[in-house]
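All remarks here apply to the structure that follows.
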Amino acid sequence: MERTPRKAPPGKFRVIGVDTFDGTDWLEGDFDSLQLAKDHVDKGTKGNDMLKMHMYDENAVHQYEGGSV
């Protein structure tokens, strides 16, 4: 299974969703600011079991995560 690329475009923050039950991942989107991406992670994972979201910067460095296992 191929993983979704973690590296965001220049100046953006990439959010990747992960289904912790089956391990699949997908691109949630690329955001113009760290705060917009963080808000998306917090809103998207609230109340959702077995869903995690991870945020990466343009260097593919992990910046934030939310959700539950």
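Structure above, values below:
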item	result
Selection from the stretch 12-32 of residues that are out of contact with any helix residue (DSSP H, G or I) (no Cβ under 9 Å at 6 or more places or on another chain) and more than 13 Å from Ser68 (Cβ to Cβ)	Ile16, Asp22, Gly23, Thr24, Asp25, Trp26, Leu27, Asp32
Every residue from the stretch 18-53 that is more than 14 Å from Gln63 (Cβ to Cβ) and either of a type in the set (Gly, Ala, Ser) or in contact (Cβ under 8 Å) with a residue 60 or more places away in the chain (or both)	Gly23, Gly29, Gly44, Gly47
Residues that are part of a helix (DSSP H, G or I), surrounded by 15 or more Cβ atoms within 10 Å (Cβ to Cβ) and either modelled with pLDDT under 95 or out of contact with any Phe, Trp or Tyr (no Cβ under 8 Å at 6 or more places or on another chain) (or both), drawn from the stretch 15-69	Gly44, Thr45
Pair list, Cβ < 8 Å and 6+ apart or interchain, from the stretch 5-17 residues that are touching a residue at least 40 places away in the same chain (Cβ under 8 Å) and within 18 Å of Lys52 (Cα to Cα) to residues that are among the β-branched types (Val, Ile, Thr) and assigned to a loop (DSSP other than H, G, I, E, B)	Ile16/Thr4
Hits in the stretch 18-30 - residues which are more than 13 Å from His54 (Cβ to Cβ) and not hydroxyl-bearing (Ser, Thr, Tyr)	Phe21, Asp22, Gly23, Asp30
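The values are calculated or read from the model by the stated rules, or taken from the named source; none is laboratory data. These numbers were taken from a predicted model, which means no experiment stands behind them. Methodologically, a virtual Cβ is constructed for each residue, glycine included, from the backbone with ideal geometry; neighbour enumeration extends over all protein chains shown.
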